Amino acid sequence: MQKENREKPEPFTATESNARWTREEADLKFDSNSIPEGFFIGRDVAEGRSEERKIHNSTEKRTKPEMGNTFSPVPEVENLELADIIDARAIKSLMDDFNKLIHITFALVDLKGNILVSSGWQDICTRFHRVHPETCKHCIESDTKLSAGVLPGQFKLYRCRNNMWDIATPIMVGGHHIGNIFSGQFFFEDEYVDYGFFRSQARKYGFNEEEYMAALEKVPRLSRESVEAEMTFLTKLAHMISQLSYSNTRLAHSLVERDSFVNALRESERRYRNIIETASEGILIIDSEVRISYANKKMTDMLGCPLEEVTGRKMCDFVSEESKDIVKLNQKRRRQGINDSYELKLVCKDGSSLWALVNAKSLFDKDGKFMGSISLLTDITKRKEAEEALANIEVARKKEIHHRIKNNLQVISSLLDLQAEKFNNREDIKDLEVLSAFRESQDRVKSMALIHEELYRGGGLDTLNFSSYIEELVENLFRTYRLGNDNLRLNVTLEENIFFDMDTAVPLGIIVNELVSNSLKHAFTGNEGEIRIRFCREEKNDKTQESLFSLTISDNGKGIPDNIELENPGTLGLKLVGILVDQLDGNLELGRGQGTEFRISFRVLEKS
């Protein structure tokens with residue numbers, strides 16, 4: 001005969017008119033033909049069940065907290081497990097101390113049935129139920145299946161598969177169920193404990209019956225009020241763990257995002273710095289006070305200074321004197337948001353010059369406040385040196401040209417002089433007009449040669465100081481025509497620092513040559529006389545740099561004959577003067593008073 005004692009935990013029995021909760025107990029024996037015989041006992045436990053529901057409903061109303069975002073689904077915690085977010089050692093220490101005061105059984109269990117924290121467990125569970133594979137399977141099933149389906153902020157009171165009461169409330173983080181808080185391993189003090197069931201269970205699973213029943217006696221009998229208070233505490237504890245875990249998880253996620261952002265920023269800064277530091281151009285960042293706040297390696301190499309001797313210093317400390325006004329002007333342009341390029345002459349640490357092509361861009365903050373500028377500097381020193389060398393070559397070339405022209409004109413003047421001497425020695429040449437023509441031509445050639453000599457001797461190759469040129473030209477004429485007569489005087493009033501190019505200087509020089517030589521030859525019958533030359537600027541247009549000049553040449557001699565008119569002068573010299581005045585787009589006036597006065601006015605763009 002086989003004998004088996006069974007108890008089904010509180011089945012639900014229904015009739016047509018009502019539903020009753022009962023506890024069924026059977027003591028069955030099987031004969032040799034496996035026919036069961038024995039007894040069946042059914043107990044009405046509806047009153048106990050009704051009390052449990054009252055405890056559950058009243059406790060739920062008082063303990064369900066405001067969950068807010070704690071139970072809203074958050075993607076970053078979807079794959080987290082309970083072990084990932086709790087400090088098991090700290091919680092166990094807390095619950096061990098708490099258990100010493102109120103003797104409450106406590107456990108944190110994940111959704112796989114793993115016990116992460118336990119405190120105050122009963123011997124009947126630790127020494128027996130959790131040791132045998134079959135009863136342990138019942139425990140895990142109770143921890144996972146029977147405890148399932150509890151809403152956040154609520155609890156579930158249920159009888160485990162090993163026939164003791166347990167309480168479970170869920171731990172929710174970010175809207176995801178990741179574990180439960182368990183308490184239990186107790187009986188209600190007013191309920192019937194079926195010792196026969198536990199004895200049969202001890203025999204069935206091979207437990208030491210005496211020790212097993214002794215452990216059963218240690219299982220606490222709790223009042224329904226204390227169970228209600230415990231469930232309230234555990235629900236609040238679960239909510240607190242949920243909130244802390246959620247906050248810590250979000251904080252950890254934020255820290256991960258921050259670290260990721262910081263790492264990305266550092267990597268971006270590293271790449272940017274590598275680009276800046278390995279750039280083949282100098283880079284400067286200048287603040288609003290024109291102080292250097294950053295210089296890359298190329299820039300410090302260009303200046304020949306270490307970085308610490310560059311940063312914090314004024315930009316003007318590295319700028320040549322002639323370029324400081326350029327820096328001030330461009331700083332004003334940066335403040336106006338104008339970005340442009342310009343050339344700047346810098347001074348290196350060793351005193352050498354550094355020419356740089358500067359490409360500058362203004363820097364403003366988000367509020368539009370000027371913060372400074374960033375500049376890219378390209379070393380163009382070799383280019384400037386090449387340009388200077390080419391310019392020197394061009395200067396030398398032009399000087400050589402002027403020198404050769406002057407020499408050639410002097411050769412022509414000498415040839416004219418030799419030819420005049422030839423005619424002068426011939427007896428058949430009685431008329432002095434031929435010799436005079438040679439001399440006049442020679443004077444004209446000399447006036448042009450003198451211009452090229454001035455250009456050759458002077459610093460400028462395209463312009464000459466016209467006042468100095470007139471003085472020298474007139475002195476040469478006096479030496480030629482005065483012939484030892486010291487009573488002929490020269491009165492010269494010339495405005496200084498007037499520069500003309502050759503297109504203006506050559507015709508003016510020939511005009512002066514013609515008019516002064518004419519006065520020296522024809523104006524004076526006696527030994528005394530005066531020639532006056534006045535040259536000045538009458539007005540100037542600062543916008544166009546165009547000026548109105550007047551050149552006046554006069555004498556106190558006998559005067560020009562009345563039959564000579566400017567429109568039809570009849571002499572080569574005056575015809576040449578008229579042609580050259582027209583070439584200058586000028587105006588020629590003739591004055592007949594005490595002597596003769598020629599006044600020429602013209603406009604010209606001045607050359608520096």
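In a fully extended conformation the segment linking residue 579 and residue 502 would gain 26.1 nm over its present Cα-Cα distance, using 0.36 nm per residue. Modelled this way, with points 7 Å down the Cα-to-C-beta line, the labels at residue 536 and residue 224 are 13.0 nm from one another. For the range 455-608, averaging the sequence separation of C-alpha pairs within contact (under 8 Å, six or more residues apart) and dividing by the residue count gives a relative contact order of 24 percent. Full extension of the chain between residue 127 and residue 362 gives 76.6 nm of extra length, using 0.36 nm per residue less the Cα-Cα distance. Distances between placed amide hydrogens fall under 5 Å for residue 371 paired with 363, 364, 365, all partners being 5 or more residues away or on another chain. Where the centre of each part is set by its Cα atoms, how far does the range 494-550 sit from the range 154-230, in angstrom? Cα centroid to Cα centroid, the span is 130 Å.
Here the contact order of the range 75-166, divided by its residue count and restricted to Cα pairs under 8 Å and six or more residues apart, works out to 18 percent. Along the axis of the charge dipole computed for the range 186-306 (Cβ charges of +1 for Lys and Arg, -1 for Asp and Glu, origin at the Cα centre), the listed residues 198, 282, 240 are led at the positive end by 282.
Backbone amide hydrogens, once placed in the peptide plane, bring residue 380 within less than 5 Å of 355, 356, 357, excluding anything fewer than 5 places away on its chain. Checking the Cα-Cα distances for 349/543; 92/137; 328/382; 100/204 against a 30 Å cut-off, the pairs over it are 349/543; 100/204. Mind jotting down the distance between the C-alpha centroids of the range 250-306 and the range 75-131, whole Å? Each part's Cα centre sits 51 Å from the other's. Applying the Karplus relation 6.51 cos²θ - 1.76 cosθ + 1.60 with θ = phi - 60° to the range 529-538 yields 3J(HN,Hα) values of x, 9, 10, 10, 10, 10, 9, 7, 8, 8 Hz, where x marks Gly and Pro. Proximity of backbone amide H atoms, modeled 1.01 Å from N, is registered between residue 319 and 347 at under 5 Å, excluding neighbours fewer than 5 places apart on the same chain.
Taking 7 Å steps out from each Cα toward its Cβ at residue 522 and residue 255 produces label points 11.1 nm apart.
Each reported figure results from applying straightforward, stated rules to the coordinates on display, with no laboratory input. Predicted model, so just to flag it, every value in this text is computed and none were measured. Quick reminder, even Gly has a Cβ in these numbers, built from the backbone with ideal geometry, and neighbours come from all protein chains shown.
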